[in-house]
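*Asks:* My structure is below; once you've seen it, I'll send some questions.
Since every read-out is calculated from the coordinates, none of them should be taken as a lab result. Not measured: the values here are computed from a predicted model. Please note: Cβ atoms are built from the backbone with ideal geometry, for glycine as well, and neighbour counts cover all protein chains shown.
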Amino acid sequence: MPASQPIRETYVNDGFFFPIDVINETQAQALRADLEAAEAEVADDPEKLMLLQSYPDRLLPSFDRLIRDPNLIAAVSPILGDDLMVWSGGLFLKEANSPGIVTWHQDLNYWGLDELDEITAWVALSPSNIANGCMRFVPGSHTRQLVPHVDTFAENNLLSRGQEIAVEVDDSDGVDVILKTGQASLHHGHLIHASGPNTTNDRRIGAAIRYISTSMRQKTQDRTLVALVNGEDRYGHFTIAGSPRGRLNEADFEMCRQDAQIRRRVLYEGVDPARGNRY
């Protein structure tokens, strides 16, 4: 179990912390195998494949267990408190030898949440290194307010709107977030970060688990789908989903389908959702 005090101190100062040992390599490989088997099962249905990659924690019991992992809860709760929800547990996939990138951005710019009490735990289900496009963090940039972004909708940009910061960022300020399989990083929703292409012969797979405090809400008052993973919800601002009814259960797909409609409206406010890359 991680030591919470060093994590909290570094996170407060830098806006991130890594590495955290979450699961061992064998467990991570089992998660990857389950995911890739599920991808193969729904490969002929583009909508289901998109939902699986956006909601693995709502469709696969193995990923539901991951978002509740005691090592993740122990790392996040000293920062956000004991009452924790997961707002999203989607995957960031970079296929082998693919040009997909993530430009410099801040996460909370588009999510429509009303507070800053959010932490992304990015869990590596394959090694994450410079060659395969690991994340890069700008230390201390979380202390800034949200800065202007522009929507590019660029084909190779993995972000929802291809968004990128409209101010100059010095690449030399970035810290490479190198993780072994089964390790995780934490980062703040205002932290400026990016990642490069995957130039290797294997996929780079990461689960981006967005933990929030239960006091948060959508600015639009929409009740997006969340998982209560620790403590209790005394506010009722979100729709709390239970654990998956089964593996790739049709009722769970329908629940995710309905939530995706809400999230598209939030994420793509002011633009055509059909141009987006997620949900």
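*Asks:* For the range 59-191, what are the per-bin percents of Cα-Cα distances with bins 5 Å wide, up to the bin holding the maximum?
*Replies:* Computed distribution, short to long bins: 2, 8, 17, 22, 23, 17, 8, 3, 0.
*Asks:* Additional query: Calculated from DSSP H runs of 4 or more alone, at -39500 (n - 2.57) each and per residue, what is the 222 nm mean residue ellipticity of the chain, nearest 500? Don't skip to the answer; put the middle values down first.
*Replies:* Working: 7 runs with 77 residues, N = 279.
Value at 222 nm, helices only, nearest 500: -8500 deg cm²/dmol.
*Asks:* Net charge around residue 169, counting only other residues with Cβ within less than 13 Å of its Cβ (Lys, Arg = +1; Asp, Glu = -1)? Write down the numbers at each step before the final one.
*Replies:* Numbers: positive: 136, 144; negative: 164, 168, 170, 171, 173.
With Lys, Arg at +1 and Asp, Glu at -1, the neighbours total -3.
*Asks:* Would you calculate the volume per residue, in Å³, of the smallest convex hull containing every Cα atom of the chain?
*Replies:* Convex hull volume per residue, Cα atoms: 119 Å³.
*Asks:* Residue 94: which aspartates and glutamates have alpha carbons under 18 Å from its alpha carbon, excluding same-chain residues fewer than 8 sequence positions away?
*Replies:* Filter leaves 34, 36, 39, 155, 176, 202.
*Asks:* Assign unit charges at the C-beta atoms only (+1 for Lys and Arg, -1 for Asp and Glu), then state the dipole size of the range 185-245 relative to its Cα centre in Debye, rounded to the nearest 20.
*Replies:* Values: 8 positive and 4 negative charges, 23 e Å.
Value, rounded to 20: 100 debye.
*Asks:* Let me ask something additional. Could you compute the net charge surrounding residue 20? Neighbours are other residues with a C-beta less than 15 Å from the C-beta of residue 20; K and R count +1, D and E count -1. Show your work: numbers first, answer last.
*Replies:* Working: positive: 8, 180; negative: 9, 14, 21, 25, 69.
Neighbour charge sum, excluding residue 20 itself: -3.
*Asks:* What length, rounded to one decimal in nm, is gained on full extension from residue 131 through to residue 29, with 0.36 nm per residue of separation minus their alpha-carbon distance? If you can, show how the numbers build up before the last one.
*Replies:* Details: separation 102, 0.36 × 102 = 36.72 nm, distance 1.99 nm.
So the chain would gain 34.7 nm between residue 131 and residue 29.
*Asks:* First select every other residue whose beta carbon is under 12 angstrom from the beta carbon of residue 80; then total the charges, Lys and Arg +1, Asp and Glu -1.
*Replies:* Numbers: positive: 8, 210; negative: 82, 83, 115, 117, 118.
Here the charged neighbours net out to -3.
*Asks:* Right, something else. What residue among 56, 239, 191 has its Cα farthest toward the positive end of the dipole of the chain, where the charges are +1 on Lys, Arg and -1 on Asp, Glu, each on the Cβ?
*Replies:* Comparing the listed Cα positions along the dipole, 239 ranks first.
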